[in-house]
There are 2 protein chains.
Amino acid sequence: MSLEILSTQKSFGGWHKRVRHHSQALACDMVFAVYLPPQAEQPGARLPVLYWLSGLTCTDENFMQKAGAQRVAAELGLIIVAPDTSPRGAEVPGDPDGAWDFGHGAGFYLNATQAPWSRHYRMHDYVVEELPALIEANLPASDRRGISGHSMGGHGALVCALRNPGRYRSVSAFAPITNPMQCPWGEKAFSRYLGDERTQWREWDACALIAQAAERLPLLVDQGEADGFLAEQLKPEALQAAATAAGHPLTLRLQPGYDHSYYFIASFIEDHLRHHARALAG
Amino acid sequence: MSLEILSTQKSFGGWHKRVRHHSQALACDMVFAVYLPPQAEQPGARLPVLYWLSGLTCTDENFMQKAGAQRVAAELGLIIVAPDTSPRGAEVPGDPDGAWDFGHGAGFYLNATQAPWSRHYRMHDYVVEELPALIEANLPASDRRGISGHSMGGHGALVCALRNPGRYRSVSAFAPITNPMQCPWGEKAFSRYLGDERTQWREWDACALIAQAAERLPLLVDQGEADGFLAEQLKPEALQAAATAAGHPLTLRLQPGYDHSYYFIASFIEDHLRHHARALAG
């Protein structure tokens with residue numbers, strides 16, 4: 001597996017790198033970003049890793065440029081890995097209508113079952129299996145993993161953790177799509193990637209998965225109350241109801257005045273990084 | 001003077017706003033960004049203001065999205081104002097060759113004297129006079145002012161402070177163009193905005209101005225040693241020599257490994273904000 005370093009920039013005493021590699025899961029070339037804190041340069045270092053999943057239209061760059069996470073990651077000795085949000089490239093089919101909420105930039109962190117999407121759109125396997133194997137083989141990274149994300153990526157973080165007991169030690173989300181089976185973004189994506197049989201959709205819906213979760217990893221979720229997508233797409237009350245019904249530990253914080261942007265994420269990222277670092281310690 | 005609020009986003013308990021207004025100095029409509037910390041909502045608040053001048057190609061948005069300044073500004077009770085980097089609009093002539101280092105996004109914070117630039121390119125008067133008057137009349141802002149900036153904006157911050165004794169209580173810069181008379185970016189811009197008579201250029205060159213400065217405001221300057229523009233465009237050694245010759249207090253910090261990007265700025269912005277807040281207190 002060859003990794004091509006596209007750029008290296010010093011940040012808070014550590015290094016931000018963009019890396020290109022060929023993904024077998026996605027059958028295309030991919031770029032991810034990684035932040036290596038200063039502790040990564042210590043001999044024999046094996047640091048915990050937080051995987052950050054971004055939202056619709058994002059790439060590996062948005063979080064690294066806008067969240068202000070490096071300062072705290074450098075303090076905590078946390079590696080952060082930010083993958084892209086879908087398979088990419090001319091060979092990867094996108095939305096037939098050129099929309100921004102499906103296809104390129106909108107992989108929804110699932111494994112598609114329907115042609116023509118099923119060949120490339122396997123972001124779940126990429127994020128959960130292939131990328132961590134790559135990181136842990138090539139960087140000073142341990143197998144202590146946390147996962148977080150925003151919006152579509154918040155959905156991704158919840159679903160990756162709920163589907164894979166034992167794989168993550170911590171999970172959190174910002175303004176996640178909690179119940180994609182019941183919102184326009186999710187219905188559009190699932191009906192194409194997964195087909196019309198809604199029983200298949202339950203395997204990729206946090207509210208459905210939480211009922212039967214084999215592991216009760218505590219969830220930390222922040223949601224802005226001035227988020228324009230709150231009522232129609234995000235539905236934190238559905239997650240709250242599902243967690244309560246299942247007895248799943250959930251800390252849902254509704255933040256007055258905050259919207260869906262990275263200004264919101266930056267305001268609370270430190271709390272999330274400390275939540276992950278506590279669980280990932282040792 | 002009417003202000004049009006284009007957007008309002010909560011950030012670290014305060015508010016990030018983008019504002020459009022008509023500039024008399026520039027004879028065009030302009031957009032600036034302002035961060036109002038939580039303290040701005042206290043009755044009768046009159047907070048100090050840091051003016052941030054961005055570099056080539058930037059707008060009001062780059063600093064607010066990427067520098068991670070709001071966290072510290074919210075702690076310190078500091079308003080931050082980020083203007084655009086040039087006059088804008090179809091009526092404003094840009095670079096005849098469409099280059100990115102002159103014209104739109106490249107106003108160099110001076111008052112142009114040559115046609116056709118002299119009608120609109122008066123960023124010095126906009127930044128030093130018109131914008132503070134607007135801010136202090138319409139926002140909970142005092143006349144305690146600091147100024148900072150990056151690259152072309154670092155040049156702007158140094159020159160605005162050196163030309164206007166008593167107007168600022170603090171000044172700093174990241175990777176400033178210190179000696180524009182002697183570098184390609186500056187020579188291109190000055191020869192067009194100011195004409196071929198180089199004696200006129202000295203009024204807009206920090207290294208020249210520092211010799212005769214009427215006020216010895218301490219300068220804090222950070223410069224990345226891995227900055228690709230260091231030797232040809234930025235020349236921190238020229239500023240060091242000019243400050244030493246003039247007896248001007250300069251703290252020049254060369255930061256090993258850092259480049260010219262906002263990853264560099266974000267790593268050290270807290271030091272700069274605290275430098276300004278100390279001088280602006282009370």
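Largest GNM mean-square fluctuation among B:P132, B:P48, B:P83, using chain B with Cα springs under 10 Å: B:P132.
Amide hydrogen proximity for A:T251: with H placed 1.01 Å from N in the peptide plane, the residues at 5 or more positions away or on another chain lying under 5 Å are A:L219, A:L220, A:V221. The antiparallel fraction among DSSP beta bridges confined to the protein assembly as shown stands at about 50%. Computed 3J(HN,Hα) for region A:161-178, one whole-Hz value per residue from the Karplus formula 6.51 cos²θ - 1.76 cosθ + 1.60 where θ = phi - 60°, is 5, 5, 7, 10, x, x, 7, 10, 9, 7, 8, 7, 7, 10, 6, x, 6, 8, glycine and proline marked x. Backbone phi angles across region B:15-30, fed through the Karplus curve with coefficients 6.51, -1.76 and 1.60 (θ = phi - 60°), yield HN-Hα couplings of 9, 9, 10, 10, 10, 10, 7, 8, 9, 6, 4, 9, 6, 6, 7, 10 Hz in residue order; Gly and Pro are listed as x. Ranked from shortest, the separations from the 7 Å Cα-to-Cβ label point of B:E225 to its equivalents in the other copies are 5.0 nm. Residue and whole-Å distance for the chain A Cβ lying nearest the axis of the A-onto-B rotation are A:G68, 2.
Largest GNM mean-square fluctuation across A:G44, A:G149, A:G55, computed for chain A with C-alpha springs under 10 Å, falls on A:G44. The mean sequence separation of alpha-carbon pairs under 8 Å and at least six residues apart, normalised by the residue count of region A:1-138, gives a relative contact order of 23 percent. Sorting A:209-216, A:254-261 by average packing, meaning the other beta carbons within 10 Å per residue, from highest down gives A:254-261, A:209-216.
With label points defined 7 Å past Cα in the direction of Cβ, position B:P184 shows copy-to-copy spacings of 4.9 nm, given to one decimal and shortest first.
Around B:Y193, with a cut-off of 15 angstrom between Cβ atoms, what is the net charge of the other residues, counting Lys and Arg +1 and Asp and Glu -1? Provide the component values of the computation, followed by the final result.
Details: positive: B:R119, B:R122, B:K188, B:R192, B:R198, B:R202; negative: B:D95, B:D101, B:D125, B:E187, B:D196, B:E197, B:E203, B:D205.
Once all neighbours under 15 Å are counted, the net charge is -2.
Roughly what percent of Cα-Cα pairs across the protein assembly as shown reach past 33 Å? Cα-Cα pairs in the protein assembly as shown separated by more than 33 Å: 47 percent. Within the listed set B:I135, B:I265, B:I79, the Gaussian network model of chain B (springs between alpha-carbon atoms below 10 Å) gives the highest mean-square fluctuation for B:I135. The order of the peptides B:239-245, B:163-169 by mean Cβ neighbours within 10 Å, most packed first, is B:239-245, B:163-169.
Per residue of peptide B:9-16, the mean number of Cβ atoms on other chains within 10 Å of the residue Cβ is 6. For the pair B:T244 and B:H22 in one chain, pulling the backbone fully straight at 0.36 nm per residue adds 75.8 nm over the alpha carbon distance.
Each residue of region B:213-222 was assigned a 3J(HN,Hα) from its phi angle through the Karplus expression (A = 6.51, B = -1.76, C = 1.60, θ = phi - 60°), giving 4, 7, 9, 9, 5, x, 9, 10, 10, 10 Hz with x at Gly and Pro. Full extension of the chain between A:L3 and A:R167 gives 56.6 nm of extra length, using 0.36 nm per residue less the Cα-Cα distance. Separation of region A:127-183 from region A:188-233 is 13 Å, based on Cα centroids.
Sort the following peptides by mean Cβ neighbour count (other Cβ atoms within 10 Å, averaged over residues), highest first: B:191-202, B:174-185.
Highest mean packing first, the order is B:174-185, B:191-202.
Amide H contacts of A:L47: A:A141, A:S142, each under 5 Å away and 5 or more positions distant or on a separate chain (H built 1.01 Å from N in the peptide plane; Pro and chain starts excluded).
Hey, got the average number of other protein chain Cβ atoms within 10 angstrom for residues in A:67-74? Could you put the intermediate results ahead of the total?
Details: counts 1, 9, 1, 4, 6, 0, 0, 1.
Mean partner shielding for this stretch: 3.
Entry note, chain B: the mean residue ellipticity at 222 nm calculated from DSSP H runs of n ≥ 4, each adding -39500 (n - 2.57), is -8000 deg cm²/dmol after division by the residues and rounding to the nearest 500.
A:A90 label point (Cα plus 7 Å toward Cβ) to equivalent points in the other copies: 3.6 nm, shortest first.
The value of relative contact order for region A:3-280, using C-alpha pairs under 8 Å at least six residues apart, is 17 percent.
Between B:Q114 and B:D143, how many nm apart are label points set 7 Å from Cα along the C-beta direction? Once both label points are built, they end up 3.6 nm from each other.
Beta-bridge orientation, region B:3-280: approximately 50 percent antiparallel, per DSSP, counting only bridges with both partners inside.
Just so you know, all these numbers are worked out from the coordinates, no wet-lab data involved. The model shown is predicted, which means the values in this text are computed figures rather than measured ones. We place every Cβ from the backbone using ideal geometry, glycine too, and count neighbours over all the protein chains shown.
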